[in-house]
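Q: Here it is, the structure, as structure tokens.
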Amino acid sequence: MRLRNGNSPTLANPSGSMMTVLVTGGAGFLGSHLCERLIGEGHEVVCLDNFDTGRSANVEHLMAGPRFHLVAHDILSPVPEGLPRFDRIYNLACPASPVHYQRDPVKTALICSQGTLNALERARRDEARLLHASTSEIYGDPELHPQPEHYRGNVNTVGPRSCYDEGKRFAETLVTDFARQAGLTARIVRIFNTYGPRMQFDDGRVVSNFIVQALQGAPLTIYGDGSQTRSFCYVDDLIEGLVRTMASGAEVDRPVNLGNPEEYRVRDLAERIVAMTGSSSTIVHMPLPVDDPRRRRPDISRATRLLGWRPVTPLATGLEATIEEFSTRLAQGRRPVRQPLPAMAYG
Ligand code: NAD
Ligand code: UDP
């Protein structure tokens, strides 16, 4: 176990409502925004990450503070001894974009199973409450639209996305059964496509690809004819949903969808980003990846009813903030950029 900033975590829960919180995958896109939010609320935060798809740069602005601790660790091994007792555990560690989770699909499946079990074991030992990050991918290529939580999905068990889709489905079962058996308080959120600052340039996701391509004047790569749809949630709204779900009562003992119900065609997103960046980029079409869902849109009535949550950031506002942060990072040359290609794009 290594603490990257040399701070020594306090061993007791600070007084009042301040808590000691573990965020697995905390140096990733969502994890870094969550750490920032929790630090802002005055909590002590331990961010555990193996930097597989995350970067310490995502949390370096938090490192100087005495309540933030960065631990280099792979969740396939038990959460290290020597860390404080946790009140809350957010289990986010897992590659999330197709190019990343398909790079080592066996490891992805294991992160969902063994990795989740390790987070659960630590929650049991510390009597912590655990929130697990599941995904809209558990619905597969949905036959029911929009997707409510009671929909059981349409997932290929042996396709290129299965390590993630089925892995996350298994993780939901594991979290639910473990919580029942161990008397643990656990929450499961099904996160729909989320975007915002600090997404990786080359994670292959549609928003990051299109913004990087538009800013560099390269052609925007639409897979298929671009008529497939997604619903895009701005990261701040999503983090609000995570925090509310973690704080929720027993009525939220089943999975809850978190996402923005506004649905867009991929080709409309491309046109919007070209217009917003003032880019001269053209559009090229590439093969649609295998098992690429045709439509996706969350039914968030459960989150709205039980958590009083709904996204408040319009797509234009969220994209503007994201484009600005991407421009700054590109100008700083923070990372060499290559043109991303679709994962498993069999014609
Ligand atoms: P991300 O790839 O940016 O973050 C994942 C983090 O987990 C990274 O920092 C990575 O280094 C870390 N990690 C991966 N494997 C690990 C391991 N074995 N041990 C320790 N750390 C490990 O992805 P994200 O978008 O921030 O996603 C976070 C979580 O939210 C994931 O569980 C993902 O499945 C879920 N999710 C995200 C979205 C989205 O749109 N961003 C949608 C649905 C679900
Ligand atoms: N997509 C695209 N061009 C790209 C990247 C993605 O047309 O450069 C499409 C992709 O095929 C999918 C949608 O955009 O239909 C969303 O892809 P992403 O990987 O962002 O999310 P996911 O498929 O996991 O929902």
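Q: Say whether the condition of being without any contact (Cβ under 8 Å) to a residue 24 or more places away in the chain, within 16 Å of ligand 2 (Cβ to nearest atom), crowded, with 19+ Cβ neighbours inside 10 Å and not polar (S, T, N, Q) is met by at least one residue in the stretch 143-155.
A: The answer is yes; a qualifying residue exists.
Q: Tell me which residues, restricted to the stretch 95-144, are among the β-branched types (Val, Ile, Thr) and not in a helix (DSSP H, G or I).
A: Within the stretch 95-144, just THR135 meets the criteria.
Q: Mind telling me which of the residues ALA128, ALA109, ALA119 ends up being in contact with a Gly (Cβ under 6 Å, 6 or more places away or on another chain) and more than 16 Å from ligand 2 (Cβ to nearest atom)?
A: Among ALA128, ALA109, ALA119, only ALA109 is in contact with a Gly (Cβ under 6 Å, 6 or more places away or on another chain) and more than 16 Å from ligand 2 (Cβ to nearest atom).
Q: Quick one: count up the residues across the stretch 307-333 that are part of a loop (DSSP other than H, G, I, E, B) and either modelled with pLDDT of 95 or more or in contact with a Lys or Arg (Cβ under 9 Å, 6 or more places away or on another chain) (or both).
A: Of the residues in the stretch 307-333, 7 are part of a loop (DSSP other than H, G, I, E, B) and either modelled with pLDDT of 95 or more or in contact with a Lys or Arg (Cβ under 9 Å, 6 or more places away or on another chain) (or both).
Q: Under 26 Å from ARG329 (Cα atoms) and of a type outside the set (Asp, Glu): does that describe PRO219?
A: When the stated conditions are applied, PRO219 passes them.
Q: So in the stretch 4-56, with the set limited to residues that are modelled with pLDDT under 95 and touching a Leu at 6+ places or on another chain (Cβ under 7 Å), which one is nearest to ARG88 (Cα to Cα)?
A: For the stretch 4-56, the residue satisfying everything is PRO9.
Q: For GLY82, state whether it is at positive phi, more than 8 Å from ligand 1 (Cβ to nearest atom) and either free of Cβ contacts under 8 Å to residues at least 40 places away in the same chain or aromatic (Phe, Trp, Tyr) (or both).
A: Here the answer is no, as GLY82 does not meet what is asked.
Q: Next up: Among the residues of the stretch 173-185, how many are surrounded by fewer than 21 Cβ atoms within 10 Å (Cβ to Cβ), assigned to a helix (DSSP H, G or I) and out of contact with any Leu (no Cβ under 7 Å at 6 or more places or on another chain)?
A: 6
Q: Look through the stretch 73-109, keep the residues that are of a type in the set (Gly, Ala, Ser) and surrounded by fewer than 16 Cβ atoms within 10 Å (Cβ to Cβ), and return whichever of them is modelled with the lowest pLDDT.
A: GLY82
Q: Give the residues of the stretch 196-235 that are within 12 Å of ligand 1 (Cβ to nearest atom) and in a helix (DSSP H, G or I), sorted by residue number.
A: VAL206, VAL207, SER208, VAL235
The values are calculated or read from the model by the stated rules, or taken from the named source; none is laboratory data. From a predicted model like this one, the values you see are computed outputs, not experimental measurements. Virtual Cβ from ideal backbone geometry, glycine too; neighbours counted across all protein chains shown.
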